[in-house]
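No value in this document is a laboratory result; all are computed from the given coordinates. Every value quoted in this text rests on a predicted model; they were computed, and no experiment measured them. Note: ideal-geometry Cβ built from the backbone for every residue, glycine included; neighbour counts use all protein chains shown.
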């Protein structure tokens, strides 16, 4: 990841933690990844090497792929905020009003 992109993702994570009112510290790792320490969790976010996923999020050593930054944010919030109520959204092609 480029230095500029890494800085933008770093800032997004810092601001997201503040918006969620979740305690955590975001720090860059020497290899270009980002790490978050908070709520007794160690989280590492890095660009994925696999073609399907853009990101890899490791929470306490357990790695999961993420296809977007939205997916990264969801995984981070689930790990750091035990009261977070996850909502699934389903998108389907149907009429707005049944006929």
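Summary of values
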item	result
Residue in the stretch 1-14 that is exposed (fewer than 12 other Cβ atoms within 10 Å of the Cβ), in contact (Cβ under 8 Å) with a residue 12 or more places away in the chain and touching a strand residue (DSSP E or B) at 6+ places or on another chain (Cβ under 8 Å) present	no
Meets criteria (farther than 14 Å from residue 9 by Cα and loosely packed, with under 10 Cβ neighbours inside 10 Å) for residue 94	yes
Residues satisfying the stated conditions in the stretch 30-64, i.e. in a strand (DSSP E or B) and in contact with a helix residue (DSSP H, G or I) (Cβ under 8 Å, 6 or more places away or on another chain)	34, 36, 38, 41, 43, 45, 55, 57, 59, 64
Scope the stretch 15-29; condition in a loop (DSSP other than H, G, I, E, B) and either in contact with a strand residue (DSSP E or B) (Cβ under 6 Å, 6 or more places away or on another chain) or on the phi > 0 side of the Ramachandran plot (or both); matching residues	21, 23, 24, 29
